[in-house]
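A short write-up of the structure that comes next.
The values are calculated or read from the model by the stated rules, or taken from the named source; none is laboratory data. Worth saying up front: this structure is predicted, and the values here are computed from it rather than measured. Ideal geometry is used to build each Cβ from the backbone, glycine not excepted, and the neighbour counts take in all protein chains shown. Areas reflect the complete protein model, heavy atoms only, side chains present, ligands, DNA and RNA absent. Shrake-Rupley method; radii C 1.70, N 1.55, O 1.52, S 1.80 Å.
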Amino acid sequence: VPKEEVVMIATDVSQYIDVSALVKILLIALVAGAGLTAVFSIGVAGLSRGGFGTAAGRGGAGRNPAPVVMAGVCFLVVLAGIGYGISVALTK
Amino acid sequence: MVVVTGLAFDFTNGFHDSANAVATSIATGALKPRVAVAMSSVLNLVGAFLSLSVAATIASGIVNQSSVTLAVVFAGLAGGIAWNITTWYLGMPSSSSHALIGGVVGAMLVHAGGSAVIWSGVAGKVFIPAIFAPLFALAVAALGTVLAYRITHRSSDVIKKRSFRVGQIGSAAMVSLAHGTNDAQKTMGILTLALIANKTIAPTASTPDWVIVLCAVSMGLGTYLGGWRIIRTLGRGLIEIETPQGFAAEASSAAVILASTHFGIPLSTTQVCGGSVVGAGVGRRQPVRWSIFRRMAFTWFVTLPAAALVGAGAFYGQNGIGGSAGVVVLFIVLAAFCATVFGLSRRSAVNPDNVNDEWPDKKSETPAVSVAA
C-alpha cells in the first residue's frame with residue numbers, strides 16, 4: 001500500500017523541515033484530504049443511484065440495493081481512513 | 001498575571017483560529033452556529049490532550065530558553081494580543097501563532113539581543129510552513145472539490161446536499177481536533193515557558209493538565225463570544241460556498257494540519273483554512289473575491305513583524321518603568337487598548353444571528369454588516 005509506505009518513511013523525519021518532509025506532507029494531505037473526499041463522493045453518488053432522495057425511492061419502492069451497499073462500503077472506508085489518519089498523525 | 005494574560009491571548013486566539021475550523025460548516029448551514037462553536041471547543045480540548053509534540057517545539061525551538069524571563073513572556077503576549085485584536089476588528093483571519101511568536105521574538109530582541117533568538121527555528125518553524133501550508137491546502141481542496149463535483153455530477157441534489165451536510169459535521173470536527181493537536185498548543189507552550197521562567201515547574205516538566213484545560217476553555221469562550229467576525233470573512237467573504245465545497249475544504253484543512261502535526265511542524269490553522277476555502281472556489285471555477293484574499297495574505301505576511309514590533313515596544317516600555325510597576329502599567333495599557341477596540345467593534349457587531357447574512361459586494365473596508373448591536 002503506497003500510503004503506508006509514505007507514512008513509514010515519514011516517521012524518520014522530525015523536528016526540522018526539509019524538502020522531503022514537505023513533499024510527504026503534501027502527498028499525505030492529497031491522499032487523505034482529496035482522496036477521502038472522492039471516496040465520500042462515490043458514496044454519495046451511490047446513495048443517489050440507489051434511489052435515495054428521489055421521488056421513486058421514497059418509501060423503499062424503486063430502491064436499488066447494490067449502489068447503496070457500495071455507498072455503505074465507501075462511508076466505512078472514509079471512517080477507517082480518518083481513524084487511521086488520526087492514529088498515525090499522533091504517533092511519532 | 002502572566003497566566004491571566006496568557007489566557008487572554010487564548011481568548012483572542014479563539015477569535016481567529018478555532019473560528020476558522022467551523023467557518024465553512026456554518027456558512028453552508030451544516031451546523032447551527034452555536035452548536036458548531038461548542039463542538040469545536042470540546043474537540044480542541046480533546047486534540048490538545050492527544051498530542052503535545054507541537055507545544056514542546058514552540059517552547060524550545062524559537063528562543064533561547066535560559067534567557068526567557070517573565071517580563072519577556074508578558075511583553076510577548078501583549079504584542080500578540082494587540083495584533084490579534086486589531087486584525088479581529090478588521091475581520092481579517094490572521095495567524096495567532098505568528099502573532100504570539102512575533103511578540104515573544106520582539107521582546108526577546110530588546111531583552112537579550114539577536115543571539116537569544118534561534119533564527120533557524122524561526123525560519124524552519126514559522127516562515128517555511130507559512131509559505132507552504134496555504135498553498136498545500138489550496139491544492140488539496142481544489143482537487144477534492146473537482147473530484148467531489150465530478151463524481152456526484154449526476155446525483156440528485158437533495159441527497160447531495162443532505163449527505164455532504166452530514167459529512168461536513170464530521171469534517172468540521174476533524175479540523176477542530178486537528179487544530180487542538182497543532183495550533184492550540186502554541187499558547188500552552190508559551191505558558192509552559194512562563195511557568196519554567198517563574199520556577200513554578202522544572203525546566204524538563206511537561207505542560208501541566210490545568211494549563212491545557214484553561215487554554216482550551218478560554219479559547220472556546222473566545223470563539224463563542226467573538227469568533228463570528230472571522231467566521232463571516234472565511235465562510236462568506238471569500239466565496240459563496242456550497243456543502244460539497246465546504247466538505248472538501250475542511251477535509252483538506254484537517255489532512256494538512258494532521259500531516260504537519262505528525263512531523264511536529266507548527267503551522268497556522270488560519271492560513272490553512274484560508275487556503276482551503278480559496279482552493280474550494282478555484283476547484284469549482286467560481287469567482288473568488290481575490291481582493292479579500294489579497295488582504296488576508298498581506299495580513300499573514302505582516303503579522304510576525306508587526307507583533308514583534310509591539311512586543312519589543314511593550315518590553316521597552318515595561319523595562320523603562322521597571323519592576324512590577326512596569327508590568328502593571330503595561331497590563332493597564334493593554335486592557336485599555338482592548339476595551340477601545342471592543343468598543344469600536346460594537347458599531348458593526350457580528351453575532352450568531354447575522355454571521356451568515358449576504359456578503360455586501362461593495363468596497364467597504366471592514367467586512368461588517370450594518371446591523372447595530
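Numbers below:
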read-out: Helix axis angle, B:157-181 relative to chain B longest principal axis, alpha carbon, degrees; value: 10
read-out: Gyration tensor (alpha-carbon) shape descriptor, segment B:118-215, a/c threshold 1.5; value: oblate
read-out: Ranked packing of B:110-121, A:38-49, B:225-236, most packed first, by mean Cβ within 10 Å; value: B:225-236, A:38-49, B:110-121
read-out: Helix-only [θ]222 nm of chain B, DSSP H runs n ≥ 4, -39500 (n - 2.57) each, per residue, nearest 500; value: -23500 deg cm²/dmol
read-out: Over segment B:1-141: Kirkwood hydrodynamic radius from C-alpha pairwise inverse distances, Å; value: 16.5
read-out: Nearest 10 degrees, 0 to 90: helix B:128-151 Cα axis against chain B principal axis; value: 20
read-out: Carbon and sulfur %, accessible surface of chain B computed with the full protein complex present, 1.4 Å; value: 67
read-out: For segment B:86-132, accessible area per residue (1.4 Å probe, heavy atoms of protein chains only), Å²; value: 30
read-out: Three semi-axes of the equivalent ellipsoid, chain B, Cα gyration tensor, whole Å, largest first; value: 34, 21, 17
read-out: Accessible surface, segment B:205-288, averaged per residue in Å² (probe 1.4 Å); value: 22
read-out: Rh (Kirkwood; distinct C-alpha pairs) - segment B:131-277, Å; value: 16.8
read-out: Cα-centred dipole magnitude for chain B, charges only on beta-carbon of K, R (+1) and D, E (-1), debye, nearest 20; value: 760
read-out: Computed Kirkwood radius, in angstrom, where 1/r is averaged over Cα pairs of segment B:212-283; value: 13.4
read-out: Cα-derived Rg over Rh, computed across segment B:250-334 with Rh taken as Kirkwood radius; value: 1.20
read-out: Rounded tilt (10° steps) of B:19-28 against the dominant C-alpha axis of chain B; value: 20
read-out: Interface size A-B, as summed buried accessible area [1.4 Å probe, Å², nearest 100]; value: 3200
read-out: Within 10 Å of each Cβ in B:139-152, the average number of Cβ atoms from other chains; value: 6
read-out: Protection proxy ranking, peptides B:287-297, B:75-85, B:28-38, average beta carbon neighbours within 10 Å, highest first; value: B:75-85, B:28-38, B:287-297
